[in-house]
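Beneath this line is the structure, given in C-alpha cells, with notes to follow.
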Amino acid sequence: MRKIKLSIIFLISCVLGAKAQQDSIIMSKIYDHSFYKGQAYDDLRSLTKDVGNRISGSKNAEIAVKWSYDLMKTLPFDCVYLQDVQVPYWDRGSKEVLKLDGGEDEFEILALGGSVKTPQGGLTAEVLELELLSDLRKYGEQVRGKIVFINKPWDESMVETGVAYGLNSFQRSRGPSEVAKLGGVGYIFRSLASSSRDDFPHTGGTRYTDGIDSIPAAAISAVGANRLSLILKSNPRQKVYFKINSQWKGNVNSHNVIAEWKGRVSPEKIITIGGHLDSWDVGEGAHDNGTGITGTLDAIRTLMNLGYKPNHTIRLVYYMNEENGVHGAVKYGADAKEKNDQIIAAIESDAGGFAPRGFDIKASSSAVTWIQQVWKPLFENKYWVSRFLEGSPGVDSGVWGKHFPNTIMFNFRPDPHRYFDLHHTAKDVFEAVDRRELQSGVAALASLLYLVDSQYESIPK
Ligand SMILES: [Zn+2]
C-alpha cells in the first residue's frame, strides 16, 4: 500500500516537474522576446513625446484615447472598442506662486488636483505650521484667517514606499476641508516625496466636503517645506503671498479603451489586464502610468508573437480618470456587472516601470499558497522576481472588483525605491524609464498572463 502511495506521489511530482520544465522553457522564450524584440519602450516614447501628459477631460487625454485605440488596432485582437465615461475636467491654469510677503524668492509649489483658485489678486496671510491635521483642533480660533502648512516629513526608512505614501496621503485629500471648517483661508501641504532633498513639488488629488467652504490648496517641495519651516521658526508672524489659478471645468465625455483576444476553450471567461491611461498634468506620465499602459499591451503582444493561443478571453483595459475620480473603473465595473461578465482574473500595472519584483495577490489563502509553491519558483532564481504575497489589487481593479469578489487579482510590483521621487512631478518623463527594466517587467507580466490563462483551473479557489 505504502509502495503504491509513494509511486503515485512520484508520478505526480514527475508530471508537475515536467509541467514546470515546460513552463520554464516558455518563460525563457517570453523573456528573450521581451528583451530582444519588445516594443513597450518605443511605445512609451511615442505616448510621452507625441501625446505627453493627459489629465482627464483635457484635449490631450482624448488624443491619448485615439493613440491607444490606434495602437491596439495594430495587433490581431478580435475587437477594439471605446467605452464612454463621463469625467470631471480640472484645469491648473497659469503657474502658481508662493513667496514671502514683500519678497521675490519663490517656493516650488503645484496646486493640488481639484483645488479652487485663490481670490482675485492672490491672498496674503500668516502661516500656521503643523505636522498632523489631528492637531488642528488644539489651535481653535488661531486657525481663522491663516494658511495652514502641514509639514510631515516622509519616513525615509521604509523600503515599502507605497506604505510611507499611504501613511500621509490622507492629509493631502482631507486637509483643505478640515482647515476650512476652522476658518483657515489656504492649505500648503509638504509634497509626498521620498527624499527630503527633492525640490520638485508633487501634485495629487484633494477633495472638499460638501457644505464647507472650499479653500485653495497646493503642494510645496520638500526642500521648500524645510526652508519655509526654518523661516517660520525664526518669525512665526511671517506672512506669505499665495496665488493659484486652477478651476473645475465641469464634466466631459471621455473613454476607457478596451481590446479583446478571444479564448479558444472558454471564451466566456475573461482575464482583464491593464492600467490607467490618464496622468497628472505635469511631466509626461511616464512611470505613472505610461509604463503600465505600454507594458501590459506589450505583454499581450509578446504572447501573440510567440504564437500562443489563449484558453480564456484576454481583455486589455486602459482606464480613464484613475488620478482624480476613478470614473473609468467605476464605469467598467458597472458595465461588466450588467453584462454578467465572468471575469476570472485581473492583472493591473500601476506602480511604475522599474525592475520587476513580483505581484501582490488578492485571492483566498489557499490560492496564494498554491501560487507561491507552483509559480514563484519559476520566477525567483532566474529572473529575480520573488514577491508573491497576499495584498491589495491596484486602484482600478479594487474599484470595479467590488462587483467581482471571487476574481483573483494580481497587482504588479516593480522595485519601489525611486517611484516616489518622480510620482506626480515634472520629473516623471520618458528619460526616467530604463528600457531593460521596463522590458523585464513586460516579461514578468507576460509570464504571469500565460500562467494564469493556461493554469487557472488548477488554482485552488
Ligand atoms: Zn497611477
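The values are calculated or read from the model by the stated rules, or taken from the named source; none is laboratory data. These figures come from a predicted structure and were not determined experimentally. Every residue, glycine among them, receives a Cβ derived from its backbone with ideal geometry; neighbour counts consider all protein chains shown. For accessibility, only protein heavy atoms count, side chains too; no ligands or nucleic acids. Shrake-Rupley method; radii C 1.70, N 1.55, O 1.52, S 1.80 Å.
Report, in debye and to the nearest 20, how large the dipole of the chain comes out about its Cα centre when Lys and Arg carry +1 and Asp and Glu carry -1 on their Cβ.
Values: 54 positive and 55 negative charges, 220 e Å.
Rounded to the nearest 20 debye, it is 1060 debye.
Whole angstrom only: what separates the Cα centroid of region 345-371 from the Cα centroid of region 22-53?
Computed from Cα coordinates, the inter-centre distance equals 19 Å.
Just how much of Leu182 is accessible, in Å², when a 1.4 Å probe is used and the result is rounded to the nearest 10?
Leu182 has an accessible surface of roughly 30 Å² with all protein chains in place.
For the residue pair Lys262 and Leu82, what label-to-label distance in nm results when each label sits 7 Å from Cα along the Cα-to-beta-carbon direction?
2.5
Kindly write out, for region 180-192 in residue order, the coupling ³J(HN,Hα) from the Karplus curve 6.51 cos²θ - 1.76 cosθ + 1.60 (θ = phi - 60°), rounded to whole Hz, with x marking Gly and Pro.
5, 4, 9, x, x, 10, x, 9, 10, 10, 4, 4, 7
Report for region 95-245 the percent antiparallel among DSSP-assigned beta bridges with both residues inside it, nearest 5.
Numbers: 12 of 25 bridges.
Close to 50 percent.
Accessible area per residue for region 95-245 in Å², computed with a 1.4 Å probe and the full protein assembly in place, what is it? Walk me through the numbers before you get to the answer.
Numbers: 6690 Å² over 151 residues.
Computed with neighbouring chains in place, this is 44 Å² per residue.
Looking at the square roots a ≥ b ≥ c of the eigenvalues of the Cα gyration tensor of region 360-414, which shape do they give, rounded for a/c under 1.5, prolate if a/b is larger than b/c, or oblate? Please report the intermediate quantities before stating the final value.
Values: a/c = 3.43, a/b = 1.71, b/c = 2.00.
Note, shape of region 360-414 comes out oblate.
Just to be sure I understand: if I project the alpha-carbon convex hull of the chain onto a plane and average over all orientations, what area do I get in nm²? Mind showing how you got there, number by number?
Details: hull surface 97.8 nm².
Averaged projected area of the chain's Cα convex hull equals 24.5 nm².
As I understand it, the value is the acute angle between the Cα axis of helix 435-455 and the longest principal axis of the Cα atoms of the chain; what does it come to in degrees, rounded to 10?
50
Keeping the other protein chains in place, figure out the carbon and sulfur percent of the accessible area of region 95-245, with a 1.4 Å probe. Before the final figure, lay out the partial values.
Numbers: 3350 of 6690 Å².
The nonpolar share, carbon plus sulfur, comes to 50 percent.
Is the shape of region 95-245 best called rounded, prolate or oblate, per the rule: a/c under 1.5 gives rounded, else a/b larger than b/c gives prolate, else oblate, with a ≥ b ≥ c the square roots of the Cα gyration tensor eigenvalues?
Values: a/c = 1.40, a/b = 1.17, b/c = 1.19.
Rounded is the answer for region 95-245, as its axis ratio a/c remains below 1.5.
What angle do you read, to the nearest 10 degrees and between 0 and 90, between the alpha-carbon axis of helix 2-37 and the longest principal axis of the chain?
60
In whole Å, how far is the Cα centre of region 417-461 from that of region 81-134?
32
List every residue whose amide H lies under 5 Å from the amide H of Asn311, counting only residues 5 or more places away in sequence or on a different chain, with H placed 1.01 Å from N in the peptide plane.
The answer is Arg264.
Can you work out the PRE-style zone for Glu126? Point 7 Å along Cα to Cβ, and I want the residues of region 220-239 with backbone N under 15 Å.
Inside the label zone: 232-239.
Give me the one-decimal nm value for the distance between modelled label points at Asn253 and Asp50, 7 Å along each residue's Cα-to-Cβ direction.
Those two pseudo-labels are separated by 2.5 nm.
For region 260-271, just list the computed ³J(HN,Hα) in residue order, Karplus coefficients 6.51, -1.76 and 1.60, θ = phi - 60°, integers in Hz, with x standing in for Gly and Pro.
10, 10, 5, x, 9, 9, 10, x, 6, 9, 10, 10
Classify region 115-161 from the C-alpha gyration tensor, please: rounded if a/c falls under 1.5, else prolate or oblate depending on whether a/b exceeds b/c.
Verdict is oblate for region 115-161.
Compare His287, His255 by solvent-accessible area with a 1.4 Å probe and give them largest first, with all protein chains kept in place. Let's see the in-between values first.
Values: His287 0, His255 35 Å².
The ordering from most to least exposed comes out as His255, His287.
Hey, can you rank 332-343, 441-452 by average C-beta count inside 10 Å, highest first?
Numbers: 332-343: 16.3, 441-452: 26.9.
The densest-packed peptide leads the list: 441-452, 332-343.
Would you check the accessible area of Arg207, probe 1.4 Å, heavy atoms only, in square angstrom rounded to 10?
Rounded to the nearest 10, the figure is 140 Å².
Glu390's amide H: which non-local residues (gap 5+, or another chain) put their own amide H closer than 5 Å, with H modeled 1.01 Å from N in plane and none for Pro or chain starts?
Amide H neighbours of Glu390: Ile361.
Along Cα→Cβ, 7 Å out, is where each label goes; now give me the distance between the ones at Ala334 and Lys138 in nm to one decimal.
4.4
Could you pull out the pairs from Lys269/Lys337; Lys269/Lys331; Lys66/Lys331; Lys402/Lys427; Lys337/Lys362 whose alpha carbons sit more than 23 Å apart here?
Over 23 Å Cα-Cα: Lys402/Lys427.
From the phi of every residue in region 331-348, what ³J(HN,Hα) in whole Hz does the Karplus formula 6.51 cos²θ - 1.76 cosθ + 1.60 yield, where θ is phi - 60° and glycine or proline is x?
Residue by residue, region 331-348 yields 5, 4, x, 5, 5, 5, 5, 4, 7, 6, 4, 9, 8, 8, 8, 9, 10, 10 Hz.
Using R₀ = 25 Å, calculate the FRET efficiency as 1/(1 + (r/R₀)^6) where r is the Cβ-Cβ separation of Lys181 and Glu156; round to 0.05. List each step's numbers first, then the result.
Working: r = 32 Å, r/R0 = 1.27.
Plugging the Cβ-Cβ distance into 1/(1 + (r/R0)^6) gives 0.20.
To test your reading of the geometry: what angle, between 0 and 90 degrees and rounded to tens, separates the Cα axis of helix 222-234 from the longest principal axis of the chain?
Helix 222-234 sits at roughly 30 degrees to that axis.
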